[in-house]
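These notes concern the structure reproduced below.
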Amino acid sequence: MIWCILVAGILLPQSLAHPGFFTSIGQMTDLIHTEKDLVTSLKDYIKAEEDKLEQIKKWAEKLDRLTSTATKDPEGFVGHPVNAFKLMKRLNTEWSELENLVLKDMSDGFISNLTIQRQYFPNDEDQVGAAKALLRLQDTYNLDTDTISKGDLPGVKHKSFLTVEDCFELGKVAYTEADYYHTELWMEQALRQLDEGEVSTIDKVSVLDYLSYAVYQQGDLDKALLLTKKLLELDPEHQRANGNLKYFEYIMAKEKEANKSASDDQSNQKTTLKKKGVAVDYLPERQKYEMLCRGEGIKMTPRRQKKLFCRYHDGNRNPKFILAPAKQEDEWDKPRIIRFHDIISDAEIDIVKDLAKPRLRRATISNPITGDLETVHYRISKSAWLSGYENPVVSRLNMRIQDLTGLDVSTAEELQVANYGVGGQYEPHFDFARKDEPDAFKELGTGNRIATWLFYMSDVSAGGATVFPEVGASVWPKKGTAVFWYNLFASGEGDYSTRHAACPVLVGNKWVSNKWLHERGQEFRRPCTLSELE
């Protein structure tokens, strides 16, 4: 029996827009203004059509009155020379003018504007990327489909709902990725909303077609058979469903026959075709990572907590901070993570964001094998690099980092500004190069990344924490603060406990900027020790 594979929906034509809108909320805001402009243009077109119809309506009413009178006594009506002249004039000239008015295309302005704006529209990659982001958020934050569909997310200001069409689209995206687990969840949500009476262009037959196959692929043959029968009740002639029904019954008959020859215990066990496996991109630490993103599984004990303090820090008697010392807070002990409060002003943040926005490009990672920069599914953000000589604010921030850390920033990388997109994240990674990546920073000639400084330039309504799965630490974004940690021990060996991740942004817009400081220039500022782990 041949299994008939479902055909996924045809995607929209590729637009001319630069792909990757979904990777930056900051750039997505531009689309809101684009759409507003199109709505204004559309309303202007509607008004022009209404004015045109009003003119035609007045013509029709006037001629209706005139012809009603004329048809009662045609000879007497045209016997009046003025009426005869006006009749000739109307039919020869005025009806032609009316014809031209009816044929006049009022949509030129709107279509022209739409054509111009379309080159800046998101494309298929953006639509699919945004859909995958919703699925990622669903998993990371343990959200059910009904919660997402109703828009009941923490910290939302503008509640929004998913229609049957939206749920169906999410299910199709999952299906295309062979993600049958999410296909099942979202097709069931679409079916529930249809059962509740929601009016939709999507019918139950289409939903059940995808749903039955997704369930079958996950090994639940009984449910797949039940759904297929339900589909055939709605559409008895459905060719694929009829073929699938016979196939399912054939498989079940074989299972029943096999069970007869098995022991009683085995016969009572449910036989499945395929067990749900881990995701294709599953990481061994995924469970710890996602728990920390939800604020669960944090491993700070009360005894260790007592050793964490807040203090004023003057940068080792730095003149800039003697009278106005920086506010410093211990976030974690091992690795030591320090947060600086009120360390970057709103005005400085605005300038940094304005400088970065025009340059934002999809964030990349360095391939450990080839050394090439490439985009990856586990880093969803856009970034830009700012040099100190470009703007005095950037230079001032660089010097502030140097004054507070005691490290030389002349060998550091440029300030990297990042804006996260829909469900924006960066899965667990190291900032420093491991021993199997000896050439990672060879071109820079400044050694390994000794430390990381991270500015938080926005508050995030929900999600977006920086987590350290190895040690069970979570650091939450707070606008105007910065966190700092060493990636290397003083010996130069990598500190593997600094493996960290940027959790998906559930609600809000996350802006950060970071400075990676390198080994060169720190020889006397942070001398080596004899122990590898110090």
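Diagonalise the Cα gyration tensor of region 416-489 and give the resulting equivalent ellipsoid semi-axes, square root of 5 times each eigenvalue, largest first, whole Å. Mind dumping the intermediate values first?
On the way: eigenvalues 129, 39, 33 Å².
Result for region 416-489: semi-axes of 25, 14, 13 Å.
Kindly give Rg over Rh for region 46-188, based on alpha-carbon atoms, with the Kirkwood expression for the hydrodynamic radius.
Details: Rg = 29.6 Å, Rh = 21.2 Å.
Using only Cα positions, Rg/Rh for region 46-188 is 1.39.
Two-decimal Rg/Rh of region 25-120 from alpha-carbon positions, Kirkwood Rh? Walk me through the numbers before you get to the answer.
Details: Rg = 22.3 Å, Rh = 17.0 Å.
Reported Rg/Rh, Kirkwood definition of Rh: 1.31.
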For Arg90 and Val102, calculate 0.36 nm times their separation in residues minus their Cα-Cα distance, and state this gained length in nm to one decimal.
2.7 nm
Put Trp95, Trp511 in order of accessible area, largest first, 1.4 Å probe: what do you get?
Trp95, Trp511
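With every protein chain left in place, what is the accessible area per residue of the chain in square angstrom, probe 1.4 Å? Let's see the in-between values first.
Details: 29580 Å² over 534 residues.
Value returned for the chain: 55 Å² of accessible area per residue.
Quick one: if the Förster radius is 45 Å, what FRET efficiency do Lys306 and Leu530 give, using the C-beta to C-beta distance and rounding to 0.05?
Numbers: r = 31 Å, r/R0 = 0.68.
Step by step, r from the Cβ atoms, then E = 0.90.
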Once normalised by the length of the chain, the mean sequence separation of its alpha carbon contacts under 8 Å that are 6 or more apart gives a contact order in percent of 15 percent
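Could you order peptides 457-470, 347-360, 514-527 by the average number of other Cβ atoms within 10 Å of their residues, highest first?
Values: 457-470: 22.1, 347-360: 16.1, 514-527: 17.7.
Result, highest mean first: 457-470, 514-527, 347-360.
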How high is the relative contact order of region 297-518, in percent, with contacts defined as C-alpha pairs under 8 Å that are six or more residues apart?
23 percent
Nearest-0.05 FRET efficiency for Ser395 and Thr34 at R0 = 45 Å, using Cβ-Cβ distance, is 0.85
Find the Cα radius of gyration of region 118-180, compare it with 2.2 N^0.38 Å by division, and give the number to two decimals.
1.19
With a 1.4 angstrom probe the carbon and sulfur portion of accessible area for region 124-255, in percent, totals 52 percent
Can you tell me the relative contact order of region 124-255? Whole percent, Cα pairs under 8 Å, sequence separation 6 or more.
16 percent
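Under 20 °C and 1.002 mPa s, how fast does region 124-255 diffuse according to Stokes-Einstein, given a Kirkwood radius computed over C-alpha pairs? Answer in µm²/s, whole number.
For the chosen part, D equals 137 µm²/s.
Placing unit charges on C-beta atoms (Lys and Arg positive, Asp and Glu negative, everything else neutral), compute the dipole magnitude of the chain about its Cα centre in debye, rounded to 20.
Charge dipole, the chain, about its Cα centre: 1320 debye, nearest 20.
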Residue among Asn100, Gly243, Asn259 farthest towards the positive dipole end of the chain, charges placed on Cβ:
Asn259
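Take the residue pairs Lys223/Lys256; Lys442/Lys478; Lys157/Lys299; Lys229/Lys256; Lys47/Lys204 and return only those whose Cα atoms are more than 27 Å apart. Display every interim value, and only then the final one.
Numbers: Lys223/Lys256 16 Å; Lys442/Lys478 34 Å; Lys157/Lys299 32 Å; Lys229/Lys256 20 Å; Lys47/Lys204 38 Å.
Beyond 27 Å between Cα atoms: Lys442/Lys478; Lys157/Lys299; Lys47/Lys204.
In what sequence, highest mean first, do 213-225, 112-124, 134-146 appear when ranked by Cβ atoms within 10 angstrom? Don't skip to the end; give the middle numbers.
On the way: 213-225: 20.2, 112-124: 14.2, 134-146: 17.8.
Final packing ranking: 213-225, 134-146, 112-124.
So if R0 is 22 Å, what FRET efficiency would Lys260 and Lys230 give, r being the distance between their Cβ atoms, rounded to the nearest 0.05?
E between Lys260 and Lys230, to the nearest 0.05, is 0.15.
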Based on alpha-carbon positions alone, could you give the equivalent ellipsoid semi-axes of region 50-95 from the gyration tensor, as √(5λ), descending, whole Å?
23, 13, 6
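Return the tail of the calculated pair distribution for the chain, meaning the percent of Cα-Cα pairs more than 39 Å apart. Let's see the in-between values first.
Values: 67291 of 142311 pairs.
In whole percent, the long-distance tail amounts to 47.
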Amide H of Ala465 versus every other amide H placed in the peptide plane: which residues, excluding those fewer than 5 positions away on the same chain, fall under 5 Å?
Cys503
I need two numbers for region 460-534: Rg to one decimal and Dmax as a whole number, Cα atoms only, in Å.
15.2, 47
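For region 281-333, what does the equivalent ellipsoid look like in terms of its semi-axes, each the square root of 5 times an eigenvalue of the Cα gyration tensor, given largest first in whole Å?
35, 15, 8
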Work out how much length Leu53 to Asp222 would gain on full extension: take 0.36 nm times their residue separation and subtract the Cα-Cα distance, in nm to one decimal.
54.9 nm
Using every Cα-Cα pair within region 297-518, state what percent have a distance larger than 33 Å.
11 percent
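For region 124-255, give the magnitude of the charge dipole about the Cα centre (Cβ charges: +1 Lys/Arg, -1 Asp/Glu; no others), in debye to the nearest 20.
My answer is approximately 160 debye.
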Rounded if a/c under 1.5, otherwise prolate or oblate - region 148-211, Cα gyration tensor axes
oblate
State the extension gain, in nm to one decimal, for the chain segment bounded by Val199 and Ser387, taking 0.36 nm per residue of separation less the distance between their alpha-carbons.
62.2 nm
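The values are calculated or read from the model by the stated rules, or taken from the named source; none is laboratory data. What you see is a predicted model, and the numbers here were worked out from it, not measured in a lab. Cβ: placed from backbone, ideal geometry, glycine included. Neighbour counts: every protein chain shown. Side chains are part of the model used for accessible areas, which takes the heavy atoms of the whole protein and leaves out ligands, DNA and RNA. Shrake-Rupley method; radii C 1.70, N 1.55, O 1.52, S 1.80 Å.
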